[in-house]
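Taking it in order: structure first as structure tokens, then the write-up.
The values are calculated or read from the model by the stated rules, or taken from the named source; none is laboratory data. Bear in mind the structure is a predicted one, so any value in this text is a computation, not a measurement. A quick note on method: Cβ atoms are made from the backbone with ideal geometry, for glycine too, and the neighbour counts reach across all protein chains shown.
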There are 2 protein chains.
Amino acid sequence: MAKKAIVLFSGGLDSTTCLYWALAQGYTCETLTIAYGQKHEREVHAAREIAQRLGVKQHFVTLNLPWLASSSLVNKEQQIPEHDLNEITSGKIPSTYVPGRNLMFLSVAASLLDAVGADAIVAGPNAIDFSGYPDCTPNFFKAAGQAINLGTEHGVTQGVEVLAPLMDLTKTDIVKLGAKLGVPFELTWSCYNGGEKPCGKCDSCKLRARGFAEAGVKDGAVEK
Amino acid sequence: MAKKAIVLFSGGLDSTTCLYWALAQGYTCETLTIAYGQKHEREVHAAREIAQRLGVKQHFVTLNLPWLASSSLVNKEQQIPEHDLNEITSGKIPSTYVPGRNLMFLSVAASLLDAVGADAIVAGPNAIDFSGYPDCTPNFFKAAGQAINLGTEHGVTQGVEVLAPLMDLTKTDIVKLGAKLGVPFELTWSCYNGGEKPCGKCDSCKLRARGFAEAGVKDGAVEK
């Protein structure tokens, strides 16, 4: 029987590539999409459309945690910062950091995994072309995987894989992988500002633009 | 300046003892109480009353995760099981297990800690007189603490303590500690069935009753 994976799926470039990767690896996938008040909640709609097109089972969860407004990704009174590409990858934690987000997302995924009896969690963190968040590093993901294996029923009885296939890839590599896997780039949403079109100025837009440019691939989401 | 702790606080005997312990240790405490559809949601009211009486800042969160209905602690179609005391402590995972609960609770606490700038998380798991849940073991808590220290801003910049002061105590020891600290036992709620009075038949009631009996302390919550 095919192994089952819970894919943390925001509808962005990275997690969509993860979903296509997991399907290509032969996993039966269920997606988990979490709304937490992010300005770019339209990524949730992107997630819905992409998962529907693939016919995979979807789970949507809303986390209503007032203190997340400490992040400029959530707080409408705070501007999303505009950094140079050099600043973005300097390792400094920017104001868009959402406190404890990835540990919460992984733990909600672990809960779902335990309830439906899945074998793996797939997530899209990336430690190369990223915004300096502490919860996107290989060491953090390894520690979170250990906690999941020790603190869930499936972890202690049969083991759980926590997979981060994009961890060591550049954004350019991710675009190339996505192109190879047939990712519908035009449906994905990366911009931190939830406008009509990607702003082109936030960290996420800049990293994405460089990735597509260096990969020599057309970004259908920007150019449509 | 006093160190600040986020106390995971259900309003039960163990977490109330933890809260009093943390205050006695000199921590400025903020409580975090999480409703997740538990049948005994009246414990949330117990938590509110106890924290108000102490004048500590309280946070209440609701997790709306449909798949938690796989647990008899949540699913109204499933009976809470009634085990002998020997069965309870046999290590078998019972139907009251809530998938991934403690990792989710710790991760929400870590997010709050990061947002408000606290130094420690205090939780009340106990690996002696407990229901055999995988997420109440010392190894799990240690791994979760590592993940929190690697995956949060406060973890990577100044370190976070994850404290489980009851981990190695028997329920009898916990009652004795609570009595010494002045815990208002009559306000705490432990019963898994959320009735008018504790049922006396669920795992939680049985462990609690034995603890009070062996400690020679009167349980005001049962006898009121």
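Overview of values
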item	result
Residue satisfying condition, being part of a loop (DSSP other than H, G, I, E, B) and either under 23 Å from residue A:153 (Cα atoms) or of a type in the set (S, T, N, Q) (or both), within set A:78, A:58, A:52	A:78
Lone qualifier among B:153, B:196 - being farther than 30 Å from residue A:131 by Cβ and of a type in the set (D, E, K, R)	B:196
Selected residue (criterion: surrounded by the most Cβ atoms within 10 Å (Cβ to Cβ)) from residues of the stretch B:100-123 that are more than 9 Å from chain A (Cβ to nearest Cβ) and assigned to a loop (DSSP other than H, G, I, E, B)	B:123
Residue within the stretch B:76-90 that is within 13 Å of another protein chain (Cβ to nearest Cβ) and either of a type in the set (Asp, Glu) or farther than 17 Å from residue B:199 by Cβ (or both) present	no
Test: residue B:179 is within 27 Å of residue B:90 (Cβ to Cβ), at pLDDT 95 or above and in a helix (DSSP H, G or I)	no
Flag for residue A:130 being under 28 Å from residue A:88 (Cα atoms), more than 7 Å from every other protein chain (Cβ to nearest Cβ) and outside any helix (DSSP H, G or I)	yes
Failed condition for residue A:170, given (1) away from chain B (no Cβ under 11 Å); (2) over 29 Å from residue A:91 (Cα atoms)	(2)
Number of the exception - residue A:23 against (1) part of a helix (DSSP H, G or I); (2) in contact with a Pro (Cβ under 7 Å, 6 or more places away or on another chain)	(2)
Single residue of B:160, B:217 found to be over 20 Å from residue B:27 (Cα atoms) and among the β-branched types (Val, Ile, Thr)	B:217
Failed criterion for residue A:33 (all others in (1) loosely packed, with under 15 Cβ neighbours inside 10 Å; (2) within 14 Å of chain B (Cβ to nearest Cβ) hold)	(1)
Counted residues, the stretch A:37-69 - those being small (Gly, Ala, Ser) and surrounded by fewer than 20 Cβ atoms within 10 Å (Cβ to Cβ)	3
Some residue of the stretch B:38-46 being outside any strand (DSSP E or B) and either modelled with pLDDT of 95 or more or in contact with a Pro (Cβ under 9 Å, 6 or more places away or on another chain) (or both)	no
Exclusive hit being within 11 Å of another protein chain (Cβ to nearest Cβ), surrounded by fewer than 21 Cβ atoms within 10 Å (Cβ to Cβ) and over 26 Å from residue A:69 (Cβ atoms), set A:146, A:158	A:146
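Residues are listed down the side, and each one gets a yes or a no for (1) closer than 20 Å to residue B:27 by Cβ; (2) touching a Phe, Trp or Tyr at 6+ places or on another chain (Cβ under 7 Å); (3) in contact (Cβ under 8 Å) with a residue 60 or more places away in the chain:
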position: B:114; (1), (2), (3): yes, no, no
position: B:122; (1), (2), (3): yes, no, yes
position: B:132; (1), (2), (3): no, no, no
position: B:139; (1), (2), (3): no, no, no
position: B:143; (1), (2), (3): no, no, no
position: B:146; (1), (2), (3): no, no, no
position: B:164; (1), (2), (3): yes, yes, no
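Each row is one residue, and each column tells you yes or no for (1) charged (D, E, K, R); (2) outside any strand (DSSP E or B); (3) over 20 Å from residue A:5 (Cα atoms).
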position: A:125; (1), (2), (3): no, yes, no
position: A:148; (1), (2), (3): no, yes, no
position: A:166; (1), (2), (3): no, yes, no
position: A:172; (1), (2), (3): no, yes, yes
position: A:201; (1), (2), (3): yes, yes, yes
position: A:210; (1), (2), (3): yes, yes, yes
position: A:217; (1), (2), (3): no, yes, yes
